[in-house]
1. Tally the residues that are among the basic types (Lys, Arg) and surrounded by fewer than 12 Cβ atoms within 10 Å (Cβ to Cβ), restricting the search to the stretch B:709-761.
2. Considering every residue within the stretch B:589-607, establish whether at least one is without any contact (Cβ under 8 Å) to a residue 24 or more places away in the chain, crowded, with 19+ Cβ neighbours inside 10 Å and farther than 22 Å from A:SER140 by Cα.
3. I'd like to check something: does the stretch B:180-198 contain any residue that is within 25 Å of B:PRO457 (Cβ to Cβ), among the hydroxyl-bearing types (Ser, Thr, Tyr) and modelled with pLDDT of 95 or more?
4. Working only within the stretch B:585-633, note down all residues that are in contact with a Ser or Thr (Cβ under 6 Å, 6 or more places away or on another chain) and within 22 Å of B:GLU646 (Cα to Cα).
5. Within the stretch B:473-485, how many residues turn out to be out of contact with any Leu (no Cβ under 7 Å at 6 or more places or on another chain) and on the phi < 0 side of the Ramachandran plot?
6. Just to be sure, is A:TYR351 away from chain B (no Cβ under 14 Å), of a type in the set (Ser, Thr, Tyr) and touching a residue at least 40 places away in the same chain (Cβ under 8 Å)?
7. Scanning the stretch A:135-189 for residues that are at positive phi and more than 11 Å from chain B (Cβ to nearest Cβ), which turns out modelled with the highest pLDDT?
8. Of all the residues that make up the stretch B:23-47, how many are surrounded by fewer than 19 Cβ atoms within 10 Å (Cβ to Cβ), of a type in the set (A, V, I, L, M, F, W, C) and within 19 Å of A:MET270 (Cβ to Cβ)?
Amino acid sequence: MVDTKALDALKSEILTAVENAADLKELDAVRVGALGKKGSISEQLKGLGKMTPEERQVAGPALNGLKTDVAVQIDAKAEQLENAALEAKLASEKVDITLPLQKGPMQRGSIHPISQTIDEITAIFSDMGFAIAEGPDIESDYYNFTALNFPEGHPAREMHDTFFMKQEEGEGSNQGKMVLRTHTSPVQIRTMETQEPPIRIVIPGRTYRCDSDQTHTPMFHQLEGLVIDKSSHIGQLRWVLEEFLTAFFEVDHVKTRFRPSFFPFTEPSMEVDVQCDRSGNEVKIGEGSDWMEILGCGMVHPNVIRNCGLDPDVYQGFAWGMGIDRIAMLKYGMPDLRDFFGADQRWLDHYGFRPLDLPTLFGGLSS
Amino acid sequence: MKFTIDWLKDHLETTASNDEIIETLTQIGLEVEEVEDQAKTLADFTVCEVISAEKHPNADKLRVCMVNTGKGEPVKVVCGAPNARTGMKGVFAASGTYIPGTDFVLSKGVIRGEESNGMLCSERELLLSDDHDGIIDLPADAPVGERYVDYAKLNDVVVDIAITPNRGDCTGIYGVARDLAAAGIGELKDGTVKPLPATLAGEGDISVEFRFGEDEPQACQQFAGRLFKNVKNGPSPEWLQQRLIAIGLRPINALADITNYVSYDRGRPLHAYDADKINGQFHARNAKKGEEILALDGKTYALDETMCILADDNGPLCIGGIMGGEESGCTEETTSLFLESAWWEPIEIAQTGRKTGINSDARYRLERHVDPALTLAGMELATKLILDICGGEVHDITVTGEVQPEEKVIDFPLAEITRLTGLKVPFAEVKAVLTRLGFWVAGSGDVVKVAVPTYRPDIEGKADLVEEVMRIVGVDNVPVDPLPRLTSVAPKMLTTIQNRRRIARRALAARGYNEAVTWSFISEKEAVAFGGGQDELKLENPISADLSDMRPSLLPGLLAAVNRNTNRGIADLSLFEVGQVFKSAAPDGQHNYAAGVRAGLDTHGQVGRDWQGKAEKPDVFEAKADLFETLAQLGVDPNNLQIVAEPAAWSHPGRGGRVQLGPKNIIGWFGELHPRLIKELDLPKSIAAFELNLDAIPEPRAKATKAKPALTLSDLQTVKRDFAFVADSNLEAGKLIKAAGSADKKLITNVSLFDVFEGANLGEGKKSLAIEVTIQPKDKTLTDEEIDAISQKVVAAVQKATKAELRG
């Protein structure tokens, strides 16, 4: 006989114990006490065999129902307890996520504005089919002056405050005293001497003049350009420079003013001013009504072409030179040229460029 | 060079506005540097009359003046000038006027109890001169109420232009007018000076000798002299003074002012000697070493054989073409004048000018070349002015030497203009432009003949003529024409070495370094410390003593920068530079290097103190890592590199090394700085550095294909085995790793060192090295026996190569 009252009491007792289990261990004890081999429900189930079929038909479902109910409740409680335990563990693992991180190496490192500017220039001129050429910083008088049509003693030489090397001219050399190149133009000669036209090169590099004040440093950087072929003329020179300036300063259009001037190694010679606005604290290129001198240029002088072993009636072309530091200052707003060479870490951090900030035409020169 | 528009119009008949003139000057290559409009700055100053000047009741040195300004009631002004007096005419500034000489705006005031409503001005207050002894004292007929600038004819526009070294002809206002006329700004007036007949017989008692040795340079090629008698020197007339003041010259006396006038008007410098101070034979010669001269600027100059002087029996009178001597100069007492107009070799003038450092108006013109035709014309112009202003009588001109200007005729193909500029100019215009500039154009075919005037020695060939035409027609008129684009994708633009520099920069920046750009020159001490200091790499004229030697290494510049930053309180930093170093003065003595220094507590992983980790000093391995990372980014396989314990001289001998590809090709150095060097250069204590010779990395071999080698990936799991060896403590770990790897080259794919330690339990002079060996089965899974066999081989190979024993 099944005592339904007793069963109800048993169920109630077990479920209360389940409910009251504080942790998984206690719950397990309850489970063993009810459903274990000698558990209270298991004991009752053992009694089924001794019952009459009629009795069993009533008691069987009742007992099995009880067993299932209890099992379900225990599983539910177990999940509840597991969740609570995980929550507690997670809570204990909490960290202060506002603890600061140091800047990583990629954030700390920087590229100097001169290198960045040269990369920008390179990107633009590669699109116009130019290659980069270079030459030595210690030059002979011949390459720095004579071959470039600076006659001995000419006042134009004096305009270049030249650093001379102490030693007299090199052994067996008839190229005059060695100097620190005062401009990148000697590379014009070195290139024309060794390379067949057509030539399209730009020459970035260090140049030196013994002059030092707020706007002059004894060392600075120039960008020289040279085009030699059988047809290039001033109209194309204007195009190249205007395109370059517009692309470099990343403006819609830069108005330029070409003024006749004088350089020994070009004829005709010109200086170029760019349109700018000086009204604010910074100079803005490509707007306003002021002019700022930015570069010198001209058609390569017939004597220079001849000095390189080419016939100036056959070959012709143009050249230009501008200050890399200067255009960097104009674009990025550094107020003092001297700071470029001071390696003040604060300056390098402020004006430097990110390691992966690679100037390209497809991605934009500056970001 | 400065001039006024008014003066310009002496030579140029024009209706053009000032703005047009100024704009055109720049367009034709006479770059306008500054325009000063006196009428604007002095517009508010007026002529006034002092009605009464009474002593100030409360101050002895002040006067209370009632001033008639021509407008309204008289104005009360307190004035401190000693020359303020009743009835005088002066210059008045009302309250609220900006006073340029003192840079303030005048306000109403009460001075010692007396009201003051304006100011009576001195010349200095108007920036007219330095005179501040008294107020401006105008003639009695000066019209009260008129603007002072109008009355004094100061209402002129002063233009300052830059003259390029090739344009000696434009160092005179006449030449500027000629260029403007060529550009269509009016007509050039006739500048011919009619010679006046001498009033005294012959050349007088001063003759000129040339005393130049046969092989000596002769700066003075032609000397014209003229003797004047009974001149009366004194202040020059007002019109002349005004012109000189306007362009910033100080009027001295009539004779000096006239020479200055001719110098600016025609670009023809002259020099005036007091003839009574010339003793014996006047002559031109090169100076002797040891001679000196007190020049007109009050300074004494030492002379030498390269300088041409004018002299008499007593010695030097004048540094030829540069500056006269004080002693033989003209004064107000001068009555006899010897006037010089000479032709000088520009190059010699430039050289003497450079040596003496004198920047005179004469040098400015003569070193640019002065038209030989002006030697006598300039003399005649001065003669006329002297006789007009100073009176007196004049002898004939005495001329010594001769200058034959080269008669230059250029064959000028008209197509040259288009060939060089792209500009198309009709022949008629070409001819008109050149003619207006003073050239003679003959012929009319494709090639014309162009004769060059004597004042344009800079015109040597057709390209120069193209420039003349283009600058006058206007560079702005040259049509912009695209440079033909390439017909293919642009080829490689950078050479291997240029690319290496670029990559090295980015790689080092990515490792936390700031890129620096430091001077190419360093001090001798630094140069010597880094293996330089040779004579051929020294500058003859360094900008300062500590920038005297071309750098043999990038490190000194970076270390100096570390010091500067440390002194500013930035002690933890990493700096690198990629640039040129100099091993000799020859072009192939210049090399491309990359170098870096880490200082203070700056490592790749951490800078300074941080809660996450212990602050570490940069050590030899930090430098080694930077060097190897850079090399890896440059495509150098680190496995091919040999590391040799022979560090650079700058390195700590036991904590540094070098990297090479074979004994003859050293590629780089790394290490901690030598303590002795740290002391010598006064550097912070913990510095690690590396140097990398970018030129030494071999050019990559040209490959037939860009395809990478085939990749075989095994599906079989790798097996790892650890070994710990006890070795002599001076054993190089690299040797042990190499030996382990070589035990089975087929199956062992990696050997990594994961522990190094020394401890007493290992025994004196011993250390433990623990390695993990990775074995990659090829065809089948390895049995335990097979793996054991490989392990045996590893132990045997290590033992054989290093005598290290497996730890028990």
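1. So in the stretch B:709-761, the residues among the basic types (Lys, Arg) come out as B:720-721, B:735, B:738, B:745-746.
Those left that are additionally surrounded by fewer than 12 Cβ atoms within 10 Å (Cβ to Cβ): B:720, B:745-746.
Within the stretch B:709-761, residues that are among the basic types (Lys, Arg) and surrounded by fewer than 12 Cβ atoms within 10 Å (Cβ to Cβ) number 3.
2. Start the filter on the stretch B:589-607 by keeping residues that are without any contact (Cβ under 8 Å) to a residue 24 or more places away in the chain, which leaves B:589-590, B:603, B:605-606.
From the residues that got through so far, the ones that are crowded, with 19+ Cβ neighbours inside 10 Å too are B:590, B:603, B:606.
Imposing the further condition that a residue be farther than 22 Å from A:SER140 by Cα reduces the set to B:603, B:606.
Checked the stretch B:589-607: at least one residue is without any contact (Cβ under 8 Å) to a residue 24 or more places away in the chain, crowded, with 19+ Cβ neighbours inside 10 Å and farther than 22 Å from A:SER140 by Cα.
3. Within the stretch B:180-198 (the criterion being within 25 Å of B:PRO457 (Cβ to Cβ), among the hydroxyl-bearing types (Ser, Thr, Tyr) and modelled with pLDDT of 95 or more), the answer is no, since none of the residues qualifies.
4. Taking the stretch B:585-633 as the starting set, the residues that turn out to be in contact with a Ser or Thr (Cβ under 6 Å, 6 or more places away or on another chain) are B:598, B:602, B:616-618, B:622.
Answer for the stretch B:585-633, where residues must be in contact with a Ser or Thr (Cβ under 6 Å, 6 or more places away or on another chain) and within 22 Å of B:GLU646 (Cα to Cα): B:ARG598, B:PRO618, B:GLU622.
5. Just the residues of the stretch B:473-485 that are out of contact with any Leu (no Cβ under 7 Å at 6 or more places or on another chain), to begin with: B:474-476, B:479-485.
Then drop every residue that is not on the phi < 0 side of the Ramachandran plot, which leaves B:475-476, B:479-485.
Here the count works out to 9.
6. On the way: away from chain B (no Cβ under 14 Å): no; of a type in the set (Ser, Thr, Tyr): yes; touching a residue at least 40 places away in the same chain (Cβ under 8 Å): yes.
When the stated conditions are applied, A:TYR351 does not pass them.
7. Filtering the stretch A:135-189 for residues at positive phi gives A:149, A:153, A:172, A:176.
Now drop any that are not more than 11 Å from chain B (Cβ to nearest Cβ), which leaves A:172, A:176.
Numbers: A:GLY172: 47, A:GLY176: 73.
Per the stated criteria, the residue is A:GLY176.
8. 1
The values are calculated or read from the model by the stated rules, or taken from the named source; none is laboratory data. These figures come from a predicted structure and were not determined experimentally. Glycine also receives a Cβ, built like all others from the backbone with ideal geometry; neighbour counts cover every protein chain displayed.
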